[in-house]
Each structure stands twice: as C-alpha cells, then as structure tokens.
Amino acid sequence: MTFKRSLYLIHRWFGIVMCTLIAMWFCSGVVMMYVGFPALTVQERLAGLPALDASRLASAPTSMVMQVGADALSRLSLTTVLGRPAFIATTKEDRHAVWFADSGDPLEQVTAEDALYASQHYLRNSQHLESISGSFAATRDMDQWTVSSSLNSHRPLHKIEIDDATGTHLYISSHTGEIVRDTTRKERVWNWVGANLHWIYPLPLRRHASVWHWVVVVMSLAGLVSVVTGGIIGFLRLRWRNRYRGRDVTPYWGVMKLHHLMGLLSLPFLVTYVLSGLLSMNPWDVFTTKGHSRVSSHAYQGAFPTDHSGLRLSEIQSIVKRNPGVKEIDFYWLGGEFHPVVVFAPYEYRLANALPAMAIEKKATRGILQSFEICGQSVDFTEIRRLEEHDAYYYSHHDRWRPLPVYRFKANDSAQTWAYIDGRTGQWLRGLTQKQRWQRWLYNGLHSWDFGFLINRRPLWDIVVIALCSLGTFMSFTSVVIGFRRLRRSRAASSL
C-alpha cells in the first residue's frame, strides 16, 4: 500500500469517527461562552453570609489552633456556619475543622437537618426571603454537578432541593456546613449541551479521573490525526496550474468540493483548536517543570505566628466593631505576624490594620525570598512592579475574579517563576512558571481566544469566537455528510 493510499484511508476512517465529535465540540463551546459549569462564585458565597456581630463572639480560636496543630495550618478564618459565628481552620492537606465562636464547641457532624437549615439561612441572606421551602434530597459523594476536584475535601455532600422558580439545588459540605456549590435548572439543562458534552463529562467516566483524562487525550489525538491528514491531502489535491477540467483547483464536486476548499480555509483554526484542547489536559506533564520545587502560598506565608495575641477574643471583637458590616475575617499571616483581612464583598476587603503600600511590598518580597529558600533555592528578582491593571497572565474573564492592584515579582530561578501578590493585603494570589505561561497561550489563547485585544473589547470577542466555531461546525457538517454517504455505499456494496 502506497503512502498516499494510506493517508487517504487514515483520513477517511478517522474522519468518519471524529466528525460528529468535533462538530459537537464546536457547538458545545459556544454554549459554554454564556453558561459555564455550575460553581458557587465568590459573589454568591458572600451574598449568603450575614454581617458578623461582635456581641455573639464568646470564644477565641486558640484551643482550635492547639488541637489542629499550628504547623499544619494553612488558613484560619471567622465566618458564619449554620447561622452561628464560627472559626474554620484549613490544613495544608486541605482538611477542615470548625469551632463555633459563640460557645467554643467544635462542629462534630453536619446532619441532614443541619444542611437544610444552612440552605434556608443562605437563601434568606442572599435572596432576602423570609420563608423558603426546600427538601433534603440525598447525601452523595459525587454527582453530575459536583465532579470538581476542588470539592474533594468537603465530601460527602448534602444535596438540598429548593422549591423556587429557578429550580435551585444547593450542596452543603459534610465537614464545615458551608454551601459549596449551587445549580439552577437553567444551568443544568444548558450544561447537558455545553460543558458535559465539551469536556466528555458523563458521571460514570468522570468518577475515574485517570481514565477520563486518557479518554479525552486519545479523542483529541484522533481528532488531530483526522485534521492533519485532511490538510495534507487537501494540499496534495490542490492545483493552481493545469487545473482540473481546465478551470477548477479541486477535482471534487458538490459537498466534497466544499469540504476540500472549506477544509483548507479553516485548517489553521481546526489544527490549533484541537491541539489546544489536547494541551488543556497537560498530557505527559508537558507543562510541568520536573525536578523543580515550586514556591507556594504555604511557603510564602511561613510558619504560623508564635505570638497568638492577634487571636485574643478582645482583639477579634474590636476588629468586628471597627468594621461594621464585615462578613468574614481571614487571619492571614506573613513573616511571623498576623495581618487580619476584613471582607465585606468580593471587591471590598482590606487589612484590619492598614499598612502603607511600601510596607506590603517589603513583606511580600521577604515572603517570596523565604519561600524560595524553603525550596532550596537562592534567587534575585528581575522585576518587582505594582500593577493597577491586569496583564496577559493575570486577568479577569469567564467569571474569574482577579483583584487589583497586585505586585508582580519575576524571579530568576530555574523555572523563571512569576508571583502575583495582592497589593491591598499582601496575600499570595498565584505563581506561574515559564511552562505554565506557555500553557496560557497554547491553551487559553488558542482554545478560548483569551487575547487582550479581544476580551477587553466585548462583544468583539463573542463575534470572533462564534464566527470561528460556526466555520468549524460547518466544516464538520460536510464531514458528517461525506462520512454518511461513504458508509451507505460500503453497506450497499457488502449486501451485493
């Protein structure tokens, strides 16, 4: 069998198998532009919390810290759980412990009744309704809308179905009593033709993360083979001189002619789209810096302060009184000192004890240097800059919340790490290695078209992405027609 004959056969049969799937990817991608996979946003979570009341605080979190272990802590916050002020401690292993601040008692178990009460309390605050009926549906480790790995530390989850116009379902953590996910009827319906199709997300498959990963990788590779072989054949069959029938650059007629010419026109987009979808899975750890100890928020914060005076009950009560309307206090620490952050709303938060910008920058610099030292590296910074606007790697799009201003630190370590630090509080926001910055362009850029000149000029981004997806869908539709005709001919021939 000649090389050209093999190329035709590979393209034909890979195309027949993949054309419907690729068309589905384009159509579902457009749906995802406007209806994302269900998630509890920062805005929704804070909207469901009442303001803290200093008069209800009767216990400090010191006993909690001693029991959990100061060295194990990664976060400590004061919020509201089951309608009561409570301290939530999160460990570096992402485990949670809850102590009620009005009594000093730990939260031992979150029952179905607790979950129902938590949902009603949440909806009263977020929707300002006095009476909302709901029913306990089930306690599940995972269902179609809670497959995200970010929920692993809260499993199993209590599901509450709310009797409202939007068909709301709430999921409550069995460890903290917090609302961790919400869905509406609209989200659930549209996600069946959106994210669930686009990400190949059926629950029986998604339960097995490794199997799901390789299914998506193999499908993406098959799609890439189909597109690339089609592109090679398309150029081989193209004639600018000695044209077919004296006038045509293609030997084909009808749908085949359309498929040939449209395929060449859309080839760059088809290749980059399928390739970027493959790279979104980080196959074979291509974007992982092997042998490199990455800096992290844990290393940046450093050890839990030995001086617990910042956790005294009187100090916490004073912070709440000085900040009326505060919904949460994050007892953030850096350089061995507490820097409590009071949170009112997603874009409204600040240090309880204000620090000048220069002091925040110095503390952040020491924290990042310390985190590299913990990882066994000695580095210098090639840039330290305060950003008042988003840059190409730290930006808001697709409902991602990215606060401003931030400090951007560029280190000269082996992975060429960039760190982003909150300019108002000094908190760690994110770190990116050079490979991860490449992933930003090869995935977010080529797959979602997250380019600044587009996403900052909506609806230009919408128009461009929908136009390209329409082109890809139409091209895939011609493949479906051709594949159907081929299978029909093969079936007719086999019956003779």
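The values are calculated or read from the model by the stated rules, or taken from the named source; none is laboratory data. From a predicted model like this one, the values you see are computed outputs, not experimental measurements. In this analysis, Cβ positions are derived from the backbone assuming ideal geometry, glycine residues included, and neighbour counts consider all displayed protein chains. In case anyone asks, the SASA skips ligands and DNA or RNA and just uses the protein heavy atoms, side chains included. Shrake-Rupley method; radii C 1.70, N 1.55, O 1.52, S 1.80 Å.
HN-Hα J couplings of segment 353-368 from phi, Karplus 6.51/-1.76/1.60, θ = phi - 60°, integer Hz, Gly and Pro as x?
10, 4, 10, x, 4, 5, 5, 5, 5, 5, 5, 5, 4, 5, x, 5
Taking all pairs of different Cα atoms in segment 332-411, averaging 1/r and flipping that mean, what Kirkwood radius in angstroms comes out?
Values: mean 1/r = 0.0690 Å⁻¹.
Taking every pair of different Cα atoms in segment 332-411, averaging 1/r and inverting gives 14.5 Å.
Within segment 233-256, find all residues whose amide N lies under 18 Å from a label point positioned 7 Å from the Cα of LEU9 along Cα-to-beta-carbon.
233
Return the loop-located chymotrypsin sites (Phe, Trp or Tyr not before Pro) in segment 364-448 (DSSP other than H, G, I, E, B) with at most 10 other Cβ atoms within 10 Å of their own Cβ; answer none if there are none. It would help to have the intermediate numbers written out before the result.
On the way: sites: PHE372, PHE381, TYR393, TYR394, TYR395, TRP401, TYR407, PHE409, TRP418, TYR420, TRP428, TRP438, TRP441, TYR443; in loops: TYR393, TYR394, TYR395, TRP401.
For chymotrypsin sites (Phe, Trp or Tyr not before Pro) across segment 364-448 that sit outside H, G, I, E and B with at most 10 neighbouring Cβ atoms in 10 Å, the list reads TRP401.
Can you tell me the Rg and the Dmax, both Å, for the Cα atoms in segment 76-225?
Values for segment 76-225 (Cα only, Rg and Dmax): 17.8, 63 Å.
Which ³J(HN,Hα) values, rounded to whole Hz and listed in residue order, are derived for segment 166-183 from phi using the Karplus coefficients 6.51, -1.76 and 1.60 in 6.51 cos²θ - 1.76 cosθ + 1.60 with θ = phi - 60°, glycine and proline given as x?
With the stated coefficients, segment 166-183 comes to 8, x, 6, 10, 10, 10, 10, 5, 7, 9, 10, x, 8, 6, 10, 7, 9, 9 Hz.
Would you please state which residues of segment 373-395 a label at ASN412 would reach in this model, taking the label point 7 Å out along Cα→Cβ and a backbone N cut-off of under 11 Å?
Under cut-off, by backbone N: 379-383.
At a threshold of 8 angstrom on Cα-Cα distance, excluding pairs fewer than six apart, so keeping six or more, what relative contact order does the chain reach in percent? Let's see the in-between values first.
Values: 783 pairs, mean separation 87.4, N = 496.
Relative contact order for the chain comes out at 18 percent.
What length, rounded to one decimal in nm, is gained on full extension from GLU337 through to MET256, with 0.36 nm per residue of separation minus their alpha-carbon distance? Spell out each step's value before the answer.
Values: separation 81, 0.36 × 81 = 29.16 nm, distance 6.99 nm.
Using 0.36 nm per residue and subtracting the Cα-Cα distance, I get 22.2 nm.
Between GLU373 and ARG245, what length comes free when the chain is fully extended (0.36 nm per residue of separation minus the Cα-Cα distance, one decimal in nm)?
On the way: separation 128, 0.36 × 128 = 46.08 nm, distance 7.22 nm.
Roughly 38.9 nm would be gained on extension.
For HIS208, what accessible area in Å² do you get when you roll a 1.4 Å probe over the heavy atoms of the protein chains, rounding to the nearest 10?
The value for HIS208 is about 110 Å².
With a cut-off of 8 Å between alpha carbons and a minimum separation of six or more residues, what is the relative contact order of segment 91-163 in percent? All intermediate terms of the calculation are to be shown ahead of the outcome.
Working: 70 pairs, mean separation 22.0, N = 73.
30 percent.
Compute, for the chain, the length of the dipole vector about the Cα centre, with Cβ point charges of +1 (Lys, Arg) and -1 (Asp, Glu) only. Units Debye, rounded to 20.
Details: 54 positive and 39 negative charges, 719 e Å.
That gives the chain a dipole magnitude of about 3460 debye.
Here are some values of mean projected area of the Cα convex hull in nm²: [x] 26.1; [y] 29.9; [z] 57.2. Which one was computed from this structure?
From the options [x] 26.1; [y] 29.9; [z] 57.2, the structure gives [y].
Between HIS128 and ARG207, what FRET efficiency follows from the Cβ-Cβ distance if R0 is 51 Å, with the result rounded to 0.05?
So the FRET efficiency works out to roughly 0.85.
Add -39500 (n - 2.57) for each DSSP H run of 4 or more in the chain, then divide by its residues: what number comes out at 222 nm, to the nearest 500 deg cm²/dmol? If you can, show how the numbers build up before the last one.
Working: 15 runs with 207 residues, N = 496.
That calculation yields -13500 deg cm²/dmol at 222 nm.
Taking θ = phi - 60°, what integer Hz values does the Karplus form 6.51 cos²θ - 1.76 cosθ + 1.60 yield along segment 55-61, in sequence order, with x for Gly and Pro?
Values per residue, Gly and Pro as x: 5, 8, 8, 10, 8, 8, x Hz.
What pairs in LYS363/LYS435; LYS92/LYS327; LYS327/LYS435 have C-alpha atoms more than 32 Å from each other?
Values: LYS363/LYS435 27 Å; LYS92/LYS327 24 Å; LYS327/LYS435 38 Å.
Check vs 32 Å cut-off fails for LYS327/LYS435.
Please give the FRET efficiency for TRP438 paired with GLU348, using the beta carbon to beta carbon distance and R0 = 41 Å, rounded to the nearest 0.05.
On the way: r = 35 Å, r/R0 = 0.85.
FRET efficiency, TRP438 to GLU348: 0.70.
Sorted from largest down, what three extents in whole angstroms do the Cα atoms of segment 2-85 have along their principal axes?
Taking the Cα atoms of segment 2-85, the three principal extents are 82, 33, 15 Å.
Any idea what the relative contact order of segment 348-496 is, in percent, if you count C-alpha pairs under 8 Å spaced at least 6 apart? Walk me through the intermediate numbers first.
On the way: 137 pairs, mean separation 24.0, N = 149.
Result for segment 348-496 is 16 percent.
Can you pull out the GluC sites (Glu not before Pro) in segment 122-201 that DSSP calls coil and that have at most 10 other Cβ atoms within 10 Å? Don't jump to the answer; show the numbers that get you there.
Values: sites: GLU130, GLU161, GLU178, GLU187; in loops: GLU130, GLU178.
Passing both the DSSP loop test and the Cβ count: GLU130.
Return the long-range amide H neighbours of TYR332 (sequence gap of 5 or more, or a different chain), with a cut-off of under 5 Å between placed amide H atoms.
HIS339, VAL341
I need the chymotrypsin sites (Phe, Trp or Tyr not before Pro) found in segment 219-253, filtered to DSSP loop residues with at most 16 other beta carbons within 10 Å of theirs.
Numbers: sites: PHE235, TRP240, TYR244, TYR252, TRP253; in loops: TRP240, TYR252, TRP253.
For chymotrypsin sites (Phe, Trp or Tyr not before Pro) across segment 219-253 that sit outside H, G, I, E and B with at most 16 neighbouring Cβ atoms in 10 Å, the list reads TRP240, TYR252, TRP253.
How much length is gained if the chain between MET358 and LEU236 is pulled fully straight, taking 0.36 nm per residue apart and subtracting their Cα-Cα distance, in nm to one decimal? Don't skip to the end; give the middle numbers.
On the way: separation 122, 0.36 × 122 = 43.92 nm, distance 6.29 nm.
Stretched out fully, the MET358 to LEU236 stretch lengthens by 37.6 nm.
Give the long-range amide H neighbours of ALA86: residues separated by 5 or more places, or on another chain, with amide H under 5 Å away, using H modelled in the peptide plane at 1.01 Å from N.
Counting only residues 5 or more places away or on other chains, the set is THR79, THR80, VAL81, ALA101.
Between MET33 and LEU487, what FRET efficiency comes out of the Förster formula 1/(1 + (r/R0)^6) with R0 = 41 Å and r the beta carbon distance, rounded to 0.05? Don't jump to the answer; show the numbers that get you there.
Details: r = 33 Å, r/R0 = 0.80.
E(calc), rounded to 0.05, equals 0.80.
For LEU157, what residues show an amide H to amide H distance below 5 Å, using hydrogens built from the backbone and excluding near sequence neighbours?
Counting only residues 5 or more places away or on other chains, the set is ARG140, ASP141.
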